[in-house]
Amino acid sequence: YVYNGFDFDELYDLRTDPHEMHNVADDPAYADVKRDLVRQMWAFAAAQEDIIFNPYGTVGLAPWGPADALGRSAERSEEDKD
């Protein structure tokens, strides 16, 4: 899985497509696989205190982001809005 924040994400089924010719990132049949990989990615980034966890909203544009991986609401709290 390749996360491209402002471009198309990439996901390939290496068993059926070893040359990575058919991107299945938006294929509904792979939604559970993508969701699992995205959660793993954000959980790893959080564990490493990755710089992507900052006060800017760019990561909020992803359909599944760090809040999802950590089991938090993507909504900002009232104190964060100040």
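The values are calculated or read from the model by the stated rules, or taken from the named source; none is laboratory data. Source: prediction; values computed, not measured. With ideal geometry, Cβ positions are generated from the backbone for all residues, glycine too; neighbour counts draw on all protein chains shown.
Values computed for the structure shown
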{"quantity": "Qualifying residue in the range 11-23 (condition: of a type in the set (Asp, Glu), surrounded by 14 or more Cβ atoms within 10 Å (Cβ to Cβ) and either assigned to a loop (DSSP other than H, G, I, E, B) or touching a Pro at 6+ places or on another chain (Cβ under 6 Å) (or both))", "calculated": "yes"}
{"quantity": "Positions within the range 1-16 being under 15 Å from the mean Cα position of the chain (by Cα) and of a type in the set (Val, Ile, Thr), in sequence order", "calculated": "Val2"}
{"quantity": "Residue count, the range 37-50 (criterion: surrounded by 12 or more Cβ atoms within 10 Å (Cβ to Cβ), assigned to a helix (DSSP H, G or I) and not polar (S, T, N, Q))", "calculated": "8"}
{"quantity": "Qualifying residue in the range 48-66 (condition: on the phi > 0 side of the Ramachandran plot and at pLDDT below 95)", "calculated": "yes"}
{"quantity": "Filtered residues of the range 1-10 (kept if at pLDDT 90 or above and either assigned to a helix (DSSP H, G or I) or exposed (fewer than 12 other Cβ atoms within 10 Å of the Cβ) (or both))", "calculated": "Phe8"}
